[in-house]
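Mind looking over this structure? Questions follow.
Bear in mind that the values in this text are calculations on the coordinates, not laboratory data. The structure presented is a predicted model; accordingly, all values stated were derived computationally and were not measured. Counting neighbours? That spans all protein chains shown, and the Cβs are built from the backbone with ideal geometry, glycine included.
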Amino acid sequence: MLVLAISILPPCLIGYLVVRTFLPVYRSAWASQLLNLFLGAGLGAGVLSLLFFLVRLSFGPSNMVYGTAEILAIAATAGVCWFFRDRSLSGTEARPLSGWLWLLPAATVVCLLLAAALFFDTSAASPYGNWDAWSIWNLRAKLLAQPDATWKNAFSPVLNQLAGGGAAHGDYPLLVSAYIARCWSLTGSSGDVAAPIAVAGLFSLATAGVLVAGLAVLRGWTSGLTGGLVLLGTAGFLQNSAWQLADVPLSFFYLAVFVLLFLFDAGRGTGRTAVLAGLALGCAAWTKDEGMLFTPLAIAAFVAYLFFARIGGRVRALALFAAGAVVPLATVLCFKAFLAPRGASWVAWTPSVLLNNIAKPSRSLRIVNALWEEVVQLGTGIANPAVCLAAFATCLGVPRERVRQPVVLLSLAAFVAVFGGYCGMYLITPYDLDWHLGTSAGRLLMQLVPSAIFLTIAACRAAEETAIVTEEPQKPARVTRKKSKKAQAAKPGR
Amino acid sequence: MQNLRYPLRTLAGLIISALLSVYGAMQFYGEQREHNQTQRDPYKLIDQERRFAPIREIVPPNALVGYVSDLATDPTLILTAQYALAPRLIVKNPTSGWVIGNFAHPQDFEAFARAHGLTLVKEFPDGVILFQRSK
């Protein structure tokens, strides 16, 4: 219980306070609170992971120092939130669900219960998670959690040449490992499977929560619940959730960046939402190398958005975005430049190998085939997120004016560029292509699924936008009738 | 009072995506439950943690240890041993004298040690042997 409490409560608390400080209050109160909670849970884990790493680096592996730093950070955030939180009211009131649409939350609850049951069952069957979980992320968490100087073994060059056993990638970013190490270090239970399972659960739930709440704030409950349903019906997401890998956390940060960009746009660039977008972007880079590919593309999309969108305070918005991103990005850049060992993946990467790989058309065909198979594998038969989204988009349609909105166009461009970047990495990989595709393509696609669901549903018409408003004829109340009879009886001349 | 009436097309879009999602979740739930029942702890990490626990009592946490085995160089075996032994790191050329033996078949470990320039320190159950590199 202590491990669970230490793993889940502090990030939710500090994250909630951070999000509440920088996001306005949305008129749809429930959606607003859910967004604060779920966005806060993931961002809070990112913030505490950074804090843990920076405190270790600055003051060494002392639990006393770290514990004090965490308490001070929570207290400072609470103070800032109390005095300086964004008190403005934004958005429109979400229409309550009516009639048959009440089946949507019921279906969402069914899917959520199935997902939770499956998560616990898979975690009980494989408590150490999948291959990369124990061989990379949790192994490095075990090293980071050491109470002596050996904690620096987490980025030892030795990890990339483990006695012929392959690489444990000491050069990979540390968000997940550092956060799990924080939990183990504070509870003195290094290696206990409860912490990584709790962290996996936290990020999975937060991803689904941000998708539902973000869409609910932007497009209404029908869109939000449909988004949540499609994600919870995605076999690839359900499977990855319990694997304790860094792909679900990365998908959370990608999604958070897109949701926050849309919220920033909805607020016409006013407010402080850009700080959170920057923070989520930095956390993506601190989670996985793919996040470092996402970073420049998302920054370019944001800068282009500021250029094309007709909003005021562009410089202020850019400064706020940079303020949110500066600490995680500086940390990951310093880590890569000064601490991380030379990546195992770069060993065989010479220009001749690269050019040779690009020049082979058969490789492109194999990549396309493998990615198509992985898209099919994301679902179970026809119950595939791509089919669900296609049906949704066909039936509800995409309004022409929305396609022209800079935030929609540039978010889609960033998304497509990240996907293109993934394809490009496969094209030039120095590893055996089939092995590389077989071991990673499914997970890479999974990283993009929540964002793909969000972007598709956010670009489509909301059900409420297609609805026809009818006036219900008002029946006079009984009391009124009695009164009117009396009034009529009292009328002179009757 | 205002009521919302949704066009058939909108309802169809919502119903199709919702039904497919619920069906997908239920279908995958069944498949994965079956898979979980047959594939419990697929990398045998629970066993590895138990097998290498006595080594953790003896070898200091900051040690860089060597690794020998009668099995072919299998990344799964080495990395699961590494996970169980962490924070001790398994390296090719260890600086300390400790060498961990991970054996699948019983044999004369004294003879194995002599043949590889090692000294047998202790034999543990389940094929786990602690050696030291001979000076």
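Order of A:M425, A:M446 from fewest to most other C-beta atoms within 10 Å? Please list the in-between numbers first.
On the way: A:M425 17, A:M446 24.
Placing the least packed residue first, the sequence is A:M425, A:M446.
Next question. What span do the alpha-carbon atoms of region A:374-435 cover on each of the three principal axes, reported in whole Å from largest to smallest?
44, 32, 10
Mind ordering B:81-90, A:369-378 by average Cβ neighbours within 10 Å, highest first? Mind dumping the intermediate values first?
Working: B:81-90: 24.3, A:369-378: 15.6.
Sorting B:81-90, A:369-378 by mean packing, highest first, produces B:81-90, A:369-378.
Also: What is the calculated FRET efficiency for A:I468 to A:R316, with r their C-beta to C-beta distance and R₀ = 51 Å, to the nearest 0.05?
With a Förster radius of 51 Å, E is 0.80.
What is the distance, in nm, between label points placed 7 Å from the Cα along the Cα-to-Cβ direction at B:Q37 and at A:L72?
Reported label-point gap for B:Q37 and A:L72 is 5.5 nm.
Residue by residue through region B:70-87, which ³J(HN,Hα) values in whole Hz follow from phi under the Karplus form 6.51 cos²θ - 1.76 cosθ + 1.60 (θ = phi - 60°), with glycine and proline marked x?
Taking θ as phi minus 60°, the curve returns 8, 9, 4, 4, 9, x, 4, 5, 5, 6, 5, 5, 4, 4, 5, 8, 3, x Hz for region B:70-87.
Further, regarding this structure: Cα centroid distance between region A:271-297 and region A:6-51, in Å?
16
Same structure, new question: What is the calculated FRET efficiency for A:V80 to B:D126, with r their C-beta to C-beta distance and R₀ = 56 Å, to the nearest 0.05? Can you show the working numbers first?
On the way: r = 55 Å, r/R0 = 0.98.
Working from the Cβ atoms, E equals 0.55.
Take the alpha carbon gyration tensor of chain B, find the square roots of its eigenvalues, order them as a ≥ b ≥ c, and report rounded if a/c is under 1.5; if not, report prolate when a/b exceeds b/c, else oblate.
Numbers: a/c = 4.78, a/b = 3.44, b/c = 1.39.
It is prolate, given that a/c is not under 1.5 and a/b is the larger ratio.
Is the protein assembly as shown best put as rounded, prolate or oblate by its Cα gyration tensor, with a ≥ b ≥ c the root eigenvalues, rounded for a/c under 1.5, and otherwise prolate when a/b is larger than b/c, oblate when not? Write down the numbers at each step before the final one.
Details: a/c = 2.01, a/b = 1.94, b/c = 1.03.
Prolate, because a/c is 1.5 or more and a/b exceeds b/c.
Would you calculate the separation in nanometres between label points at B:T76 and A:A124, each defined as 7 Å from the Cα along the Cα-to-beta-carbon direction?
My value for the distance between the label points is 2.4 nm.
Which pairs, out of A:K142/A:K288; A:K288/A:K336; A:K142/B:K44; A:K152/A:K336, put more than 20 Å between their alpha-carbon atoms?
On the way: A:K142/A:K288 18 Å; A:K288/A:K336 12 Å; A:K142/B:K44 18 Å; A:K152/A:K336 14 Å.
Cα-Cα > 20 Å for no pair; all within.
Which shape class applies to region A:180-247: rounded if a/c is under 1.5, otherwise prolate when a/b exceeds b/c and oblate if not, where a ≥ b ≥ c are the square roots of the Cα gyration tensor eigenvalues?
Values: a/c = 4.61, a/b = 2.22, b/c = 2.07.
Here region A:180-247 falls in the prolate category.
Right, next: Hey, can you list the DSSP H helices of chain A whose Cα span along the axis is 20 Å or longer and whose average Kyte-Doolittle score is at least 0.5? Show your work: numbers first, answer last.
Details: long enough: A:2-22 (30 Å, 1.97); A:29-59 (42 Å, 1.56); A:63-84 (30 Å, 1.31); A:103-125 (33 Å, 1.94); A:194-219 (37 Å, 1.87); A:247-266 (28 Å, 1.92); A:273-287 (21 Å, 1.60); A:289-308 (29 Å, 1.47); A:314-334 (28 Å, 1.73); A:361-377 (24 Å, -0.04); A:406-428 (32 Å, 1.99); A:433-459 (36 Å, 1.00).
Helix filter hits for chain A: A:2-22, A:29-59, A:63-84, A:103-125, A:194-219, A:247-266, A:273-287, A:289-308, A:314-334, A:406-428, A:433-459.
Could you list the trypsin sites (Lys or Arg not before Pro) in region B:1-81 that lie in coil according to DSSP, counting only those with at most 13 other Cβ atoms within 10 Å of their Cβ? Provide the component values of the computation, followed by the final result.
On the way: sites: B:R5, B:R9, B:R33, B:R40, B:K44, B:R50, B:R51, B:R56; in loops: B:R40, B:K44.
Answer in residue order: B:R40.
Between B:E57 and A:S362, what is the spin-label point distance in nm, taking each point 7 Å from the Cα along the Cα→C-beta axis?
Here the answer is 5.6 nm between the modelled labels.
What is the set of long-range amide H partners of B:V121 at a cut-off below 5 Å, with H atoms built 1.01 Å from backbone N?
For B:V121, the qualifying residues are B:L130, B:F131, B:Q132.
To continue, here is another question. FRET efficiency for A:E93 and A:T350, Cβ-Cβ distance as r, R0 = 60 Å, nearest 0.05?
On the way: r = 60 Å, r/R0 = 0.99.
Given R0 = 60 Å and the Cβ-Cβ separation, E is 0.50.
How much length would be gained if the chain were fully extended between A:F308 and A:L113, taking 0.36 nm per residue of separation minus their Cα-Cα distance, in nm to one decimal? All intermediate terms of the calculation are to be shown ahead of the outcome.
Working: separation 195, 0.36 × 195 = 70.20 nm, distance 4.31 nm.
Contour length minus the Cα-Cα distance gives 65.9 nm.
Let me ask you something else. Fully extended, how many nm does the chain gain between B:I46 and B:Q107 (0.36 nm per residue separation, minus their Cα-Cα distance)? Write out the running numbers ahead of the final one.
Values: separation 61, 0.36 × 61 = 21.96 nm, distance 2.46 nm.
Gain on extension, B:I46 to B:Q107, equals 19.5 nm.
What are the residues whose amide H is under 5 Å from the amide H of A:S90, where those residues sit 5 or more places off or on another chain and H is modelled from the backbone?
A:V25, A:Y26, A:R27
Here's something else I'd like to know. What does the structure give for A:117-125 when I average, per residue, the other chain Cβ atoms found within 10 Å of the residue Cβ?
On the way: counts 2, 8, 0, 0, 6, 5, 1, 3, 10.
That average works out to 4.
Can you compute the charge dipole magnitude of region B:50-109 about its Cα centre, using +1 on each Lys and Arg Cβ and -1 on each Asp and Glu Cβ, nothing else charged? Give it in debye, rounded to the nearest 20.
On the way: 5 positive and 4 negative charges, 47 e Å.
Magnitude of the dipole: close to 220 debye.
Among A:G129, A:S32, B:S96, whose Cα sits farthest toward the positive end of the charge dipole of the protein assembly as shown (+1 at Cβ of Lys/Arg, -1 at Cβ of Asp/Glu, about the Cα centre)?
A:S32
Length gain on complete extension for the stretch B:R9 to B:T119, per 0.36 nm per residue less the alpha carbon to alpha carbon distance?
On the way: separation 110, 0.36 × 110 = 39.60 nm, distance 7.80 nm.
Full extension of this stretch gives 31.8 nm more.
Suppose a student asked you for the relative contact order of chain A, using Cα pairs under 8 Å spaced at least 6 residues apart; what percent would you report? Intermediate results must be reported in sequence, preceding the final value.
Details: 737 pairs, mean separation 87.9, N = 494.
So the answer I get is 18 percent.
Let me ask something additional. Collect residues whose amide H, placed 1.01 Å from N in the peptide plane, falls under 5 Å from the amide H of B:S69; neighbours closer than 5 in sequence don't count.
For B:S69, whose amide H was placed from the backbone, the distant partners under 5 Å are B:N102.
In debye, nearest 20, what is the charge dipole magnitude of region B:11-135 about its Cα centre with +1 on Lys and Arg Cβ and -1 on Asp and Glu Cβ, if you could check?
Details: 12 positive and 12 negative charges, 93 e Å.
Here region B:11-135 has a charge dipole of around 440 debye.
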